[in-house]
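Before any comments, here is the structure.
Laboratory data are not the source of any read-out in this text; all were calculated from the coordinates shown. Quick caveat, the model's predicted, so the values are computed rather than measured. Every residue, glycine among them, receives a Cβ derived from its backbone with ideal geometry; neighbour counts consider all protein chains shown.
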Amino acid sequence: MSMSIGVLTAGGDTPGLNAALRGLGKAAESIGVQVIGFYDGFRGLMENRMLHLEGSTLSGILTIGGTILGTSRDKPDAMPVGNKLLDMTEAMVYNYRRNHLDALVCLGGGGTQKSAYKLMKKGLNIITLPKTIDNDIVLTDVSFGFDSALGVATEAIDRLHSTAHSHHRIIVVEVMGHNAGWLALGAGLAGGADVILIPEIPYDIAQVAEAIVRRSRAGKRFSIVAVSEGAMSRQDYEEYKRLQSNVEKENKKGKKKGQAELLEFETYRRGSTLRLATRLEELTALESRVTILGHLQRGGAPSAADRLLATRLGTAAVFFIQNQRFGVMIAARGEGVEAVPLEEVAGKRRVVPLDHPWIASARSVGTCLGD
Ligand code: F6P
């Protein structure tokens, strides 16, 4: 009997997901392997909602953003059902068996790697691919989606330059990336931002203001501040650490007050880019404006580099399935690919190391990193 494989896309969408589905689907079709795509991430597997990926379904999708399968952030063991969060793992195992699948390929970021690992522990043959614009998955050189988002954020910074220059303003541009600074650092460096603030380096607002005033005195009456959505001032960082440690202490005693305080702090943090711009106005006497790039960074066509990467990883997945190599993430390594054990990926996050060459280059060209 010929093989059947399932595939799903989970977590936030990224450019390149369709390219990966196409690569996987076409490579499978060429050797007579059937591919079933499940809609909306793990939810579609639970509900057994599917689309056969073959022939015409795989045509014309290489260049299209998003995912033809749809996606969701639902987790197998905490699935919203009615007004409850239920562990629906067994329903997924059941549907995997019911469809006589030989393997399930999960395309996703950190959360998806963790969920896929849990399904692996239930005995399913799992393979994952690393996708996220945040580029924060461990043990892969890069994840697909990152290059496309980097291009969008860099172009935005390029465009903001002329308006900031004309109006002699500070423009604070917020870049996505969750709790990792890859996107803000990469786009800030490529776009020549004057200040780059990332979660890995809690910032001192006085240092940022001083860098802007110094530019002003040197006749450059505008500044571009690229700030990662996860960046924090030193003060906020201290508070965050304190609340986190309260939660850890309370977890042992089963209390809930710390968790509520942490959630409240997360809500407060959502406005931090606006507060940063206001404070910089006060400290520099320059006018400021804020641009939040948001989901623009995730939408639209994948870059050529992401199409190549996603196709490389999608086709490689079929090779590993044929060779019965399961329980792995197919990582990008140099020009090739490498299978890394899922247990070494699940639950980990790759942040920017402080000795990363991009940080050194930013400092060398005089960019203020807020420290
Ligand atoms: O993980 C990708 C990402 O775009 C993050 O950069 C961002 O914090 C988050 O997803 C936004 O998620 P949502 O689309 O669910 O608002």
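Let me make sure I get this right: for the stretch 215-327, a, b and c are the square roots of the gyration tensor eigenvalues over alpha carbons, sorted descending. Under 1.5 in a/c it's rounded, otherwise prolate if a/b > b/c, else oblate. Which is it? Cα axes put the stretch 215-327 in the oblate bin. Tell me whether the stretch 29-151 comes out rounded, prolate or oblate; compute the Cα gyration tensor, take square roots of the eigenvalues as a ≥ b ≥ c, and use a/c under 1.5 as the rounded threshold. Cα axes put the stretch 29-151 in the oblate bin. Within the same chain, aspartates and glutamates fewer than 8 places from residue 255 are excluded, and of the rest, those with a Cα less than 20 Å from its Cα are 239, 264, 266.
Given the C-alpha centroids of the stretch 131-161 and the stretch 283-313, what is the distance between them in whole angstrom? What the calculation gives is 6 Å, centre to centre.
Backbone amide hydrogens, once placed in the peptide plane, bring residue 79 within less than 5 Å of 86, 87, 88, excluding anything fewer than 5 places away on its chain. Protection proxy ranking of 139-149, 236-246, 87-97, by the mean of other Cβ atoms within 10 Å over each peptide's residues and highest first, is 139-149, 87-97, 236-246. Dividing the summed helix terms, -39500 (n - 2.57) for each DSSP H run of n ≥ 4, by the number of residues in the chain produces a 222 nm estimate of -14000 deg cm²/dmol to the nearest 500.
The spacing between the stretch 219-234 and the stretch 2-34, judged by their C-alpha centroids, is 40 Å. Each listed q (0.09, 0.10, 0.12, 0.20 Å⁻¹) maps to a log10 I(q)/I(0) for the stretch 150-298 from the Debye sum over equal C-alpha point scatterers, namely -0.31, -0.37, -0.52, -1.17. If you take every residue apart from residue 148 with its C-beta less than 14 Å away from the C-beta of residue 148, what net charge results, scoring Lys and Arg +1 and Asp and Glu -1? So the environment of residue 148 carries a net charge of -2. Rounded, prolate or oblate: which fits the stretch 27-68 when a ≥ b ≥ c are the square roots of the eigenvalues of the alpha-carbon gyration tensor, with rounded for a/c under 1.5 and prolate only if a/b beats b/c? Oblate shape, in that a/c is at least 1.5 and b/c is the bigger or equal ratio.
If you take all other residues with their beta carbon under 14 Å from the beta carbon of residue 31, and give Lys and Arg +1 and Asp and Glu -1, the sum is -2. For the residue pairs 131/257; 84/348; 122/241, alpha carbon separations beyond 32 Å are given by 131/257; 122/241.
If Lys and Arg each add +1 and Asp and Glu each add -1, what is the summed charge of the other residues whose beta carbon sits under 13 Å from the beta carbon of residue 99?
Details: positive: 49, 97, 98; negative: 47, 102.
Residues near residue 99 contribute +1 overall.
What angle do you read, to the nearest 10 degrees and between 0 and 90, between the alpha-carbon axis of helix 182-191 and the longest principal axis of the chain? So the helix axis and the longest Cα principal axis differ by about 50 degrees.
Antiparallel versus total DSSP beta bridges in the chain: what percent is that, nearest 5? Bridges in the chain are about 30 percent antiparallel. Using the Cα coordinates of the chain, the gyration tensor eigenvalues translate into equivalent-ellipsoid semi-axes of 40, 24, 17 Å, sorted from longest to shortest. Taking amide H atoms as placed 1.01 Å from N in the peptide plane, the amide H of residue 137 lies under 5 Å from those of 350, each 5 or more residues away in sequence or on another chain. In degrees, nearest 10, range 0 to 90: what is the angle between the Cα axis of helix 272-284 and the longest Cα principal axis of the chain? That helix lies at roughly 20 degrees to the long axis. Rounded to the nearest 10 degrees, the angle from helix 110-121 to the longest Cα principal axis of the chain is 30 degrees.
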